[in-house]
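Working notes, beginning with the structure itself.
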Amino acid sequence: MRRFFLTIFLLAALAVLGLGAAGLWWVNQPLRLPAPSVDLSIEPGTTPRGIAQAVADTGVDVPPQLLYWWFRFSGQDRQMRAGSYEMERGITPRTLLAVLVRGEEATRSVVLVEGWNFRQMRAALAKADQLKPDTIGLSDEELMARLGRPGQHPEGRFFPDTYTYSKGSTDFKLFQRAMRAMDKKLEAAWAARSSDIALKTPDEALILASIVEKETGKAQDRAEISAVFHNRLRIGMPLQTDPTVIYGLGQRYEGNLRKKDLQTDTPWNTYTRNGLPPTPIAMPGKAALLAAVQPAQSKSLYFVSRGDGTSQFSSSLDEHNRAVNRYQRGGTTDPNQRSGQ
């Protein structure tokens, strides 16, 4: 009788060991996916059993009950997080659980480039991979109202950067993030402003920063370019910067800035109007924001492109004309070269 029970015990132990070995083998085997990449969406409040079923519902060849018991056996079944995930070939039950526990959602990224205008930003977000177009159909005014800024012009209000987002996130959330980022960057720049600048408000700093962003060919010239505009503002001299004229022309600009364009009055034409334009003309980056509020100590009133991205600065019109003759024989319509005349 004792031998019989011992035999039964050994057989049971072997069975348990066998099941354990089989389970260990299974949790480390790649799941069979219906495609190289499969999206998995887990809504908040989904139970472990529901998550297992959601995996099977995507077309993955796995018994949901078996997957559920693996979640339970791991002791981490209550630690799995909601979110948008991406299962790729080679993923195993073990790595799937690890991804769900760590909340490693599938992400994408979009780059908002320094110097872009708002129209370019909206176009980039409309094309961004796996970003839900929640704001398509909204006018700029409607979008700003939804963002809590009714009546505010959108230009320059969003910080240029690389933004990472979860698959299935909305473009509205990204607009919110970029707007908050610009608020913080502008606040920090304004707090670090020099005491003798020719600007009265953070909004004026943002406007000037956008002009500096568009005018700068080489980073080393930013503070000096800012100084030129500060010096002009102090003495009431028109800024005469071509990027503002181009912005005011909008869709009418055909890539060639003509004399009649400089003479066509718009709110942004700094040849026909003194002072800063009414709004920013682009998205300035951090360096341009700082340059706007920390201009170089300089008496320069003019600058002209040397043709290599850098600028030649002058404090008198005679010096400037000599620089133009040296660096721009025959003239140009490049906005970075005409500016400061």
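The values are calculated or read from the model by the stated rules, or taken from the named source; none is laboratory data. Everything numeric here is computed off the predicted structure, so don't read it as measured data. We place every Cβ from the backbone using ideal geometry, glycine too, and count neighbours over all the protein chains shown. Just the protein is used for accessible areas: all its heavy atoms, side chains included, with ligands, DNA and RNA removed. Shrake-Rupley method; radii C 1.70, N 1.55, O 1.52, S 1.80 Å.
Tabulated values for the structure
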| quantity | calculated |
| --- | --- |
| Structure-derived Rg/Rh (Cα atoms, Kirkwood Rh) - corresponding label in (1) 1.25; (2) 0.98; (3) 1.27 | (1) |
| Amide hydrogen neighbours beyond the local backbone of THR107, cut-off 5 Å, H modeled | LYS167 |
| In Hz, Karplus ³J(HN,Hα) per residue of the stretch 155-170 (6.51, -1.76, 1.60; θ = phi - 60°; x = Gly, Pro) | 4, x, 8, 10, 7, x, 6, 9, 10, 9, 9, 6, 4, x, 5, 9 |
| Electrostatic dipole magnitude of the stretch 192-253 [Cβ: Lys, Arg +1; Asp, Glu -1; Cα centre; debye, to 20] | 60 debye |
| Residue pairs, from the table LYS132/LYS185; LYS132/LYS218; LYS260/LYS286; LYS184/LYS259; LYS132/LYS260; LYS132/LYS200, whose Cα atoms sit over 32 Å apart | LYS132/LYS218; LYS260/LYS286; LYS184/LYS259; LYS132/LYS260; LYS132/LYS200 |
| The chain, accessible area per residue, ligands and nucleic acids excluded (1.4 Å, Å²) | 53 Å² |
| Cβ charges +1 (Lys, Arg) and -1 (Asp, Glu), total dipole of the chain, debye | 560 debye |
| Which of VAL113, PHE303, PRO280, positive extreme of dipole for the chain (C-beta unit charges) | VAL113 |
| Helix-derived mean residue ellipticity, 222 nm - over the chain, DSSP H n ≥ 4, -39500 (n - 2.57), to 500 | -14500 deg cm²/dmol |
| Net charge dipole size for the stretch 105-189 [Lys, Arg +1 and Asp, Glu -1 on Cβ; Debye, nearest 20] | 160 debye |
| Separation of alpha-carbon centers, the stretch 208-268 and the stretch 104-142, rounded to whole Å | 26 Å |
| In the stretch 245-316, the trypsin sites (Lys or Arg not before Pro) that fall in loop regions by DSSP, at most 13 other Cβ within 10 Å | ARG258, LYS299 |
| Two-decimal log10 I(q)/I(0) for the stretch 197-338, as the Debye equation yields it once each C-alpha is a single scatterer, q = 0.11, 0.16 Å⁻¹ | -0.36, -0.80 |
| Calculated FRET value between ARG180 and GLN297, using beta carbons and R₀ = 35 Å, to 0.05 | 0.55 |
| Sequence-distant residues sharing a close amide H with SER41 (under 5 Å, placed H) | TYR85 |
| Accessible area of THR164 in the full protein assembly, 1.4 Å probe (Å², nearest 10) | 70 Å² |
| Relative contact order (percent, whole number), the chain, Cα cutoff 8 Å, 6+ residue spacing | 15 percent |
| Exposed-loop-free span, longest in the chain, where GluC sites (Glu not before Pro) count as exposed if DSSP calls them loop and at most 14 other C-beta atoms lie within 10 Å | 105-253 |
